[in-house]
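The values are calculated or read from the model by the stated rules, or taken from the named source; none is laboratory data. For clarity, every value in this text was computed on a predicted model and none was experimentally measured. Here Cβ is always computed from backbone atoms with ideal geometry, including for glycine, and neighbour counts include all displayed protein chains. Remember, those area values only see protein heavy atoms, side chains included, never the ligands or the DNA or RNA. Shrake-Rupley method; radii C 1.70, N 1.55, O 1.52, S 1.80 Å.
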Amino acid sequence: MAQDTSTLQAQIRDKSGKGPAHRLRATGLVPAVCYGRFEKQALMVAIDPEALVKAIATPHKFNTVIKLEVAGSEPRTVLFKDYEKDPVDGHILHVDFLEVRMDQDVVVNVPVVLIGKPVGVTDGGILQQVSRTLPVICKPGQIPEKIEVDVSNLKIAESIHISDIKPPEGVRFKTNVIKNATIAVVNIPEKEEVAPAPAAAVPGAEGAVPGVEGAVPGAAPGAPGTAAPGAPGATPGTPGAARTAGGAPAAAAPAKGGGADKGPKK
């Protein structure tokens with residue numbers, strides 16, 4: 001689709017550097033450079049940033065063809081190439097233009113717009129746009145506003161590539177740079193992870209193992225540190241007597257100071 005041409009006024013500047021650029025901005029203008037494909041030297045100019053914003057306020061936006069009218073010089077047909085802006089307030093600080101000719105091809109990036117609702121999205125998939133712009137080769141007057149891509153037939157896990165797209169008339173994709181780039185894909189939905197159920201608690205267990213020394217209170221009867229009621233040889237008020245490995249009561253220890261009974265006196 002042929003596009004209209006905007007007009008932008010500019011004036012030549014003969015000084016470069018931070019100092020002159022700062023003084024130029026103080027007057028309300030910004031420095032700009034027009035890089036010529038057909039001229040040996042770049043042209044340094046000054047432009048009104050507000051006038052530039054109006055010049056590219058077209059459906060083509062940054063790909064708008066601009067007629068740069070320079071005082072004291074021949075007008076040039078240019079494309080908006082790049083710019084620098086203030087990171088705080090966003091004001092334009094510097095602009096680069098590229099001189100073009102209407103009868104010669106240029107390479108520009110054109111925005112990609114997806115149209116239609118994919119079948120895979122209806123089935124629960126997630127549409128992801130991989131490429132936001134595509135480089136195209138064409139005459140300046142044939143630069144398209146956008147590249148529309150129909151994704152309505154995409155199913156889950158299917159994608160569409162640049163080879164699946166027919167470019168507008170007079171336009172071709174620069175495939176030697178992007179090869180067979182993916183434009184969009186319908187991803188498989190992620191499954192929600194289910195948290196494992198907590199293990200059932202053992203009744204009466206508080207982390208103690210019956211019969212193991214150092215068990216916490218509430219351990220099973222007979223564990224060390226717990227009185228064994230009625231245990232043979234147990235001294236009243238004394239923790240339970242020990243048992244043999246077979247479980248039989250062990251012999252009671254001799255009473256202190258008394259010794260063993262030596263039998264009846266003669």
Report task. Could you check the simple spin-label distance between R101 and I137, using points 7 Å along Cα→Cβ, in nm with one decimal? Result -> 1.7
**Report entry** Packing-based order for 44-54, 21-31, using average beta carbon neighbours within 10 Å, highest first
**Finding:** 44-54, 21-31
Requested in this report: Provide the three semi-axes, in whole Å and in decreasing order, of the ellipsoid equivalent to segment 56-143 as defined by the square roots of 5 times the Cα gyration tensor eigenvalues.
Outcome: 34, 19, 9
Query raised in the report: Averaged per residue, what accessible area in Å² does segment 104-162 show with a 1.4 Å probe, protein chains only?
Result: 49
Report summary line: Kirkwood Rh for segment 1-128 from C-alpha pairs, in Å, is 16.6
Requested in this report: List, in the order given, every pair from K117/K155; K54/K174; K67/K174; K61/K81 whose Cα-Cα distance in the structure shown is over 21 Å.
Outcome: K54/K174; K67/K174
Query raised in the report: Using θ = phi - 60° and the Karplus form 6.51 cos²θ - 1.76 cosθ + 1.60, what ³J(HN,Hα) does each residue of segment 121-138 get, whole Hz, x for Gly and Pro?
Result: 5, 4, 8, x, x, 10, 7, 10, 8, 8, 9, 8, 9, 9, x, 10, 10, 6
Report task. Can you figure out the FRET efficiency of T27 with E148, using R₀ = 51 Å and their beta-carbon distance, to the nearest 0.05? Result -> 0.75
Report summary line: Here FRET efficiency (C-beta to C-beta, K155 to D89, R₀ 51 Å, nearest 0.05) is 0.60
Query raised in the report: Using a simple spin-label model with points 7 Å from Cα along the Cα→Cβ vector, what separation in nm is obtained for L127 and I165?
Result: 1.4
